[in-house]
Amino acid sequence: MAEEKLTSRAEDFSEWYNQLVIRADMADYAPVRGCMVVKPYGWALWENITSFLDAEFKKTGHVNAAFPMLIPLSFFEKEKEHVEGFAPELAVVTHGGGEELEEKLAVRPTSETIIGHMYSKWVKSWRDLPILIVQWGSVLRWELRTKLFLRTAEFYWHEGHTAHASAEEAKEEMYRILDIYERFCREEAAIPVITGTKSETEKFAGAHTTTSIEAMMWDKRALQSGTSHYFGTNFAKAFEIQFLNKENQLQYAETTSWAISSRIIGAIIMVHGDDQGLVLPPRLAPTQAVIVPIYKTEAEKSKVMEVADRVFLELKAAGIRIKMDDRDNVSSGFKFNDWEMRGVPVRVEIGPKDVEKGSVALARRDRPGREGKTFVSQTDLASTVNGLLAEIQASLLNRATEYRDANIHNVQTYDELKEAVKDGWAFGYWCESRECEAKVKEETRATTRNIPFNQPSETGTCSVCGQPSHRKVYFAKAY
Ligand SMILES: [Zn+2]
């Protein structure tokens, strides 16, 4: 029954990831190339992500709605940069009901165009603003090189689309959402992210400003984990979203859009996972603790199960997402490996000796082996387990933060920059010219990640060309 060992991260990180996603039962490959099937365990994780974000959006005045997945192809022509950005990735429907369609339809790659079209009908006066709508669903982008969760043709997300009466309000909205994203990553996913502005070349097609959250994976590559865009009046002009302002003059609305996708699951896997499998942050884990009863004889079984059943009910009543592994066709060792692979934060082991002593063994997933095992009293177990879950959550964030900070290198010269991005991120001044950015990309494959909001007070010189510059940027190889 012994399963083959997972390829280690150091051996082949990409292979480790591919094996892990399948063996942890998160997702599977679909018959259509580039698509994925999210399995119940992966979807349960996604639901915990979406329910946090949905609640945060509602607290800040947003409402949910649904728009069609088919969009007239002509809509994409209306915003020049948008069509250039998305044309290569569009899937187009040409036939329906056996007939060739007069108007070709795109399967949505993102919904700015269709939603902009609808907003132009709904917005007439300043009293109709702001509109703060979120759509939950999936989109399709024709990707050639795909990887489960990280890059698939169809993926799941929310897309927020808002329209406002003023630029100030729209920009505030962009930053408000980015704050929610940053807090979600830090508090729920235990992933420290850097918030900042994308460069002109890296921003969203058609955006005035794109802000992002950037995270460092275990292999030190960056993953853009969420974006929030301010469009100015670009989309309002393309789709005629106009309103009468308080002075009774016709004015274009200011719009935003923003998203976090199922890609964030890839980030959780690549930041926290280890050579035994997935390591899930307790706040998002579908199962926070699993009970493994250990016995050999029938007599032992009845004693152990009595305690195990009681513990199960107690932890469940305390709101802990708990599972009982009472399978009798596999060994305890098999069960340990199995739950480690799935990243369950705490394992509760109960054997005959524990029954005698009134104790249980708690094993923490973030510290496999002896080091992470403690024997605790059965009394007040729910609060002990809750305390341990909180400790694991904090410890995962600390570990990821220390790892990230140890692998970000301050650079002053181009040689230092080139050296840094070989195995980490470079943080250096940049003159913000496309030439310097292109040179770095061409010679090192690293791209600008974002220009962080947190900047040193002094100015410096561009780490590529040496010209005076006033802001620092992160350069890294990215997913
Ligand atoms: Zn430069």
Using only the alpha-carbon atoms, how far is helix 263-272 inclined from the longest principal axis of the chain? Give it as 0 to 90 degrees, nearest 10. 50 degrees
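Can you figure out the FRET efficiency of GLU15 with GLN242, using R₀ = 60 Å and their beta-carbon distance, to the nearest 0.05? Walk me through the numbers on the way to the answer.
On the way: r = 53 Å, r/R0 = 0.89.
After rounding, the FRET efficiency stands at 0.65.
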Per-residue Cβ contact counts at 10 Å, fewest first, order ASP354, ASP179, ASP325, ASP415 as ASP415, ASP179, ASP325, ASP354
Provide the net charge surrounding ALA361, with neighbours chosen by a C-beta distance below 12 Å and charges set as Lys +1, Arg +1, Asp -1, Glu -1. +4
What is the angle, in °, between the Cα long axis of helix 381-406 and the longest principal axis of the Cα atoms in the chain? Nearest 10 is fine, range 0 to 90. 50 degrees
Between segment 301-335 and segment 407-450, the Cα center-to-center distance that results, in Å: 52 Å
How do SER257, SER383 line up, fewest other C-beta atoms within 10 Å first? SER383, SER257
Label ASN454 and LYS422 with points 7 Å out from Cα along Cα→Cβ: what is the distance between them in nm? 2.8 nm
Report, by chain and number, residues whose modeled amide H sits under 5 Å from the one on TRP218, excluding near sequence neighbours (fewer than 5 apart, same chain). VAL271
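Given the pairs LYS203/LYS418; LYS59/LYS147; LYS198/LYS441; LYS418/LYS472; LYS147/LYS418; LYS441/LYS472, which are separated by over 26 angstrom at their Cα positions? Display every interim value, and only then the final one.
On the way: LYS203/LYS418 23 Å; LYS59/LYS147 34 Å; LYS198/LYS441 15 Å; LYS418/LYS472 16 Å; LYS147/LYS418 28 Å; LYS441/LYS472 17 Å.
In this structure, LYS59/LYS147; LYS147/LYS418 lie more than 26 Å apart at Cα.
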Helix 112-122 axis, angle to the chain major axis (alpha carbon atoms, nearest 10°): 70 degrees
Projected onto the charge dipole of segment 248-327 (+1 at Lys/Arg Cβ, -1 at Asp/Glu Cβ, origin at the Cα centre), which of VAL292, ILE322, SER302 gives the Cα projection farthest towards the positive end? SER302
Among TYR156, SER257, SER359 - extreme Cα towards positive end, dipole of the chain, charges at beta-carbon: SER359
Pseudo-spin-label distance LYS39 to LYS80, built 7 Å along Cα→Cβ, given in nm, is 4.9 nm
Which one of THR413, VAL348, LEU397 has its Cα pushed farthest toward the positive end of the charge dipole of segment 332-436, where Lys and Arg give +1 and Asp and Glu give -1 at the Cβ? VAL348
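By the gyration tensor of its Cα atoms, with a ≥ b ≥ c the square roots of the eigenvalues, what is the shape of the chain: rounded for a/c under 1.5, prolate for a/b over b/c, or oblate?
Numbers: a/c = 2.01, a/b = 1.60, b/c = 1.26.
Because a/c hits 1.5 or more and a/b exceeds b/c, the chain counts as prolate.
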Three-way shape label, segment 398-463, alpha-carbon gyration tensor, a/c 1.5: oblate
May I ask you to list the lysines whose Cα is less than 23 Å away from that of LYS353, ignoring any residue fewer than eight positions away on the same chain? LYS296, LYS301, LYS303, LYS323, LYS335, LYS373
Segment 313-398, dipole about Cα centre (Lys/Arg Cβ +1, Asp/Glu Cβ -1), debye to the nearest 20: 180 debye
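Considering Cα pairs under 8 angstrom that are at least six residues apart, work out the relative contact order of segment 44-183 and quote it in whole percent. Could the numbers behind the result be given before it?
On the way: 157 pairs, mean separation 32.4, N = 140.
After rounding, I find 23 percent.
Quick one: CYS465, CYS185, CYS436, CYS35, fewest Cβ neighbours within 10 Å first, how do they rank? Working shown, then result.
Working: CYS465 14, CYS185 25, CYS436 21, CYS35 17.
Going from sparsest to densest Cβ surroundings: CYS465, CYS35, CYS436, CYS185.
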Starting from segment 19-110, pick out the trypsin sites (Lys or Arg not before Pro) whose DSSP state is loop and whose Cβ has at most 14 other Cβ atoms within 10 Å. ARG33
Percent antiparallel among DSSP beta bridges confined to the chain, nearest 5, equals 85 percent
Inter-label distance, nm, simple model (7 Å from Cα along the C-beta direction), PHE375/LEU101: 6.8 nm
When a/c reaches 1.5 or more, the comparison of a/b and b/c decides; with that in mind, is segment 8-129 rounded, prolate or oblate per its Cα gyration tensor? oblate
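So, with +1 on the Cβ of K and R and -1 on the Cβ of D and E, and no other charges, what is the size of the charge dipole of segment 336-479 about its Cα centre, to the nearest 20 debye?
Details: 21 positive and 21 negative charges, 50 e Å.
It works out to roughly 240 debye.
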Nearest-0.05 FRET efficiency for TYR29 and LEU250, computed from C-beta distance (R0 51 Å): 0.50
For segment 252-311, give the magnitude of the charge dipole about the Cα centre (Cβ charges: +1 Lys/Arg, -1 Asp/Glu; no others), in debye to the nearest 20. 100 debye
Pick out, in residue order, every one of the GluC sites (Glu not before Pro) in segment 401-463 that is DSSP loop and has at most 11 other C-beta atoms within 10 Å; say none if there are none. GLU458
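Each value in this text was obtained by applying a stated rule to the coordinates, not by laboratory testing. No experiment lies behind these values; they were computed from the predicted model shown. Cβ coordinates were reconstructed from backbone atoms using ideal geometry, including for glycine residues, and neighbour counts include every protein chain displayed.
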